[in-house]
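The structure appears right after this line, and notes come after that.
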Amino acid sequence: MQKSRTPLMIGWEAARANAKPALIIQAIMLALAVAFYTNSSVADALRNLAEFKRAHGLLFVIGASILAGALLPEIFLILFFQRCRPQRANLRNLAFTIPVWGFDGSLVDLLYRAEAHWLGDVVTLPVVLGKICIDQFGYNVFFAAPFGVLTYEWKNSGISMQPLRDLFTWPHYRDKIFPTLLATWAVWIPLMAIIYSLPLVLQFPLFSLALSFWVLLLTYMTNRFAGKIEADAPIALAVMKTNNLSSICR
């Protein structure tokens, strides 16, 4: 990380660079939520998706998490940053991201079900706000952001134990977790307001839709920390480790 850039500035840079795609996915999610309550065809389609999730349980959760968190971002990389040329590195990436996001998705589904048990599966302002606070200022602060940064730093460092040793230090949290949280909140607080405004059975399927974007953002942040992306890169979705990454990002 360059000394001239504070953790606050790095988080702001990531949030600002991702503003357009963030607004796009927030608009898509909002449109789906509104359509669920106003359009019978969309409501029926989403209910069918919810029934499919209910029928397949954990298998659906893990499969959807892998698709959204591992496969789609890697396809994005190949299409837009590798000129449609798959590389052996893509398989190595998937060997890492598939188990990570399969595990993470199962925890998110467990969180949603726990929140419904604690606060109720109802859509009221106090319940929605309570779930957002638990999600973004509890689960995210103490587990999700540190876990996400740790796993990607671990991969970027060549499976070194140094990121694990740094995990519980204040400089690590200040310089890496805090800016990640800032970028996360800018994207996910509006998204969680939308997700928690839907019944429990639909919350995880819509989370899966947003997960692909979050993986791109998280990968950008951790690659910035590792010096793999120019500090002034104008497109934060330049996430990856291709040989010509620097020339693409400029």
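The values are calculated or read from the model by the stated rules, or taken from the named source; none is laboratory data. Nothing here was measured: the structure is a model prediction, and the numbers come from that model. Note that we place each Cβ from the backbone using ideal geometry, even for glycine, and neighbour counts take in every protein chain shown.
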>> Looking for something exposed (fewer than 13 other Cβ atoms within 10 Å of the Cβ) and at pLDDT 85 or above - is there at least one such residue anywhere in the stretch 32-39?
In response: yes
> Taking PHE142 and the conditions (1) surrounded by 13 or more Cβ atoms within 10 Å (Cβ to Cβ); (2) within 26 Å of TRP170 (Cα to Cα); (3) among the aromatic types (Phe, Trp, Tyr), which numbered condition does it fall short on, given that it satisfies the others?
Replying inline: (1)
> Looking at the stretch 119-142, is at least one residue part of a helix (DSSP H, G or I) and at pLDDT below 90?
Replying inline: no
> Taking the stretch 34-72 on its own, how many of its residues are in a helix (DSSP H, G or I) and more than 18 Å from LEU211 (Cβ to Cβ)?
Replying inline: 17
> Considering the stretch 40-80 alone, what residues qualify as being among the acidic types (Asp, Glu) and buried (at least 19 other Cβ atoms within 10 Å of the Cβ)?
Replying inline: GLU74
>> Cβ-Cβ under 6 Å, sequence separation 6+ or interchain: first residue in the stretch 52-72 and under 12 Å from ASP104 (Cβ atoms), partner modelled with pLDDT of 90 or more and among the charged types (D, E, K, R). Which pairs?
In response: VAL61/ASP109
> Which one of ALA145, ALA114 is out of contact with any Asp or Glu (no Cβ under 7 Å at 6 or more places or on another chain), farther than 29 Å from LYS20 by Cα and either part of a helix (DSSP H, G or I) or polar (S, T, N, Q) (or both)?
Replying inline: ALA114
>> Name the residue that is farthest from the chain's Cα centre (by Cα), counting only residues in the stretch 73-104 that are touching a residue at least 24 places away in the same chain (Cβ under 8 Å) and not in a helix (DSSP H, G or I).
In response: GLN87
